[in-house]
1. Contact list please: Cβ distance under 6 Å, first residue in segment 2-26 and within 16 Å of ligand 2 (Cβ to nearest atom), second residue of a type in the set (Asp, Glu), pairs at least six apart or on different chains.
2. I need a count of the residues in segment 111-145 that are free of Cβ contacts under 8 Å to residues at least 24 places away in the same chain and part of a loop (DSSP other than H, G, I, E, B).
3. In segment 76-84, is there at least one residue being modelled with pLDDT under 95 and more than 15 Å from ligand 2 (Cβ to nearest atom)?
4. Among the listed residues GLY123, GLY149, which satisfies the condition of being farther than 16 Å from ALA285 by Cα and buried (at least 24 other Cβ atoms within 10 Å of the Cβ)?
5. Every residue in segment 154-202 that is away from ligand 1 (no atom under 13 Å from the Cβ), open to solvent by 40 Å² or more (accessible area, probe 1.4 Å) and not small (Gly, Ala, Ser), please.
6. Quick check, is GLY82 within 14 Å of ligand 1 (Cβ to nearest atom) and either polar (S, T, N, Q) or at positive phi (or both)?
7. Among the strands (runs of 3 or more DSSP E) contained in segment 1-110, which hold 2 or more residues that are under 18 Å from ILE128 (Cα atoms) and open to solvent by 10 Å² or more (accessible area, probe 1.4 Å)?
8. Do we find a residue being away from ligand 2 (no atom under 16 Å from the Cβ), out of contact with any Cys (no Cβ under 7 Å at 6 or more places or on another chain) and assigned to a helix (DSSP H, G or I) anywhere in segment 146-167?
Amino acid sequence: MKRNIILDCDPGHDDAIAILLAGSNKNINLLGISVVAGNQTIAKTARNALNVATFLGLDVPVAIGCEFPMVRDRLICEAIHGESGLDGFEFPKYEKQFDKRHGVQLIIDSVMNNEKTTIVATGPLTNIAMAIRIEPRLLERLDEIIIMGGSVDNGNTSPAAEFNIMCDPEAAHVVFSSGVKVKMVGLNVTRKVLVTDEVVQRMSKINNKASDMFVKLMKVFNENQRKTFGVIAGPLHDPATIASIIDDKLIKYQHMNVVIDISHGPSYGRTNCDVFDYLHAPHNAYVAMDIDVNRYWDIIEEGIKSY
Ligand code: BDR
Ligand code: CA
């Protein structure tokens, strides 16, 4: 049976590839895309999401969500994703319109009107936290929430915090403490899947519209990652969430207690993962601990080929 998925995202280079992967898999029923501000302002991330979906020929509603986090000031990530949020690829001008609903409403409607929906979040958790607060009954109807965010070890936005969580730690707190089944795919795992030049070359050989988008986006993504972090290639974070649905053995998860630091101190936005169960506190999240890197690139390749 196909899995019902809502993808909440902030494209973003790696978000674009998450859309690509979710949109073409025969076992995934992509109910909709809700967009949140994160890698760029909401005007830009929303336009990017609609452009990617239209370019790939996906017939799914795309709805504009929250522009600002719940409590803190807004962050964006121009150093990595550029001025447009998707620097490196030019889309044609499309006529296609956004869904009329707010992104939060799209999430609520999709979960309430379908059986066992999974929310995949590849941006800050603002829309999802708002949906939970507006319609708490969705917690009983949801299958699970799979999040790209956080880290068992160090951050990428501060020593402690990963970008998606740092953008809206209070929203992350709402989601992680909601009682719903949460899977957290953090930097400790996504830093293993680097888009090396070999990966870019391998995907370029597919030679279709999806590979064209992948290659052009990844060239700029990698360049910006090298400049910002001095790494040899950028980590392809976001599609790991969708890939773990496509192959449930791809990522090894460990059930544990995770608390979001909302203290506004130096560790604000940290996902405190109790790997060794020091606290004997309730296990509220399945945390990604390892990923099968070769299998991941096979899944990405199959996804690109399917267009
Ligand atoms: C996350 O932050 C964003 O820049 C990426 O799209 C990804 O979702 C990685 O920390
Ligand atoms: Ca993202």
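The values are calculated or read from the model by the stated rules, or taken from the named source; none is laboratory data. None of the values given here were measured: they were computed from a predicted structure. Note that each Cβ is placed from the backbone with ideal geometry, even for glycine, and that neighbours are counted across all protein chains shown. These accessible areas exclude ligands, DNA and RNA; they are computed on the full protein's heavy atoms, side chains included. Shrake-Rupley method; radii C 1.70, N 1.55, O 1.52, S 1.80 Å.
1. Matching pairs, first to second residue: CYS9/ASP15; ASP14/ASP238; ASP15/ASP238; ALA18/ASP238.
2. The number of residues fulfilling the criteria is 1.
3. Within segment 76-84, not a single residue is modelled with pLDDT under 95 and more than 15 Å from ligand 2 (Cβ to nearest atom).
4. Selected residue: GLY123, the only one of GLY123, GLY149 that is farther than 16 Å from ALA285 by Cα and buried (at least 24 other Cβ atoms within 10 Å of the Cβ).
5. Result: PRO159, HIS173, LYS181, LYS192, LEU194, ASP197, GLU198, GLN201, ARG202.
6. Spelling it out, GLY82 is indeed within 14 Å of ligand 1 (Cβ to nearest atom) and either polar (S, T, N, Q) or at positive phi (or both).
7. Hits in segment 1-110: 28-35.
8. no
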